[in-house]
Amino acid sequence: MTIQRMDNVLIVVDDLDAVISFFVELGMELEGRAPIEGRWVERVIGVDDVRQEVAMLRTPDGHGRIELAMFHTPKAIRTEPQDAPVNTLGIRRIMFAVDDLDEVVARLRGHGAELVGEAAQYEDSFRLCYVRGPEGIIVGLAEQLG
């Protein structure tokens, strides 16, 4: 048996509204937002007394999703610095293909995003950059050339 698809990536956040706004500005669509609690979720994630709010966003093509979760109880814990460098162990970034890298970066700056390094060109194929958004989330942007 093989997997059918990658369904979503979960990001636990402190400021759900700010992170939703950031990803919507990037071009994702908010599918829904709801409180989640109860024994079923506690059994799935292995944490007791869970009360959280979850938002699901999808890419315009409908194939990629990001799930955002803000825990009311128990409070989320931070295991690394908020602005951890890109070579820190664990999931470091999510990459998106964009039409106009400079335009997307300019829009995301309105939501507090900053370039991690700088925009650079890879051969004649791509322009790429990493931006750090709210909650220290790193997003990679790739503009295909030609």
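What follows draws every value from the coordinates through simple rules; no lab data is involved. A quick note: this is a predicted structure, and the numbers were derived from the prediction, not measured.
Here are the numbers for the structure shown:
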read-out: Reference-scaled alpha-carbon Rg (2.2 N^0.38 Å with N residues) for the chain; value: 1.13
read-out: Residue-averaged 222 nm ellipticity for the chain, from DSSP H runs of 4+ at -39500 (n - 2.57), nearest 500; value: -5000 deg cm²/dmol
read-out: HN-Hα J in Hz across the stretch 36-48 - Karplus 6.51, -1.76, 1.60, θ = phi - 60°, x for Gly and Pro; value: 10, 7, x, 4, 4, 5, 4, 5, 5, 9, x, 10, 8
read-out: Percent of beta bridges antiparallel (DSSP, the chain, rounded to nearest 5); value: 75 percent
read-out: Alpha carbon convex hull of the stretch 1-52, projected area averaged over orientations, nm²; value: 5.4 nm²
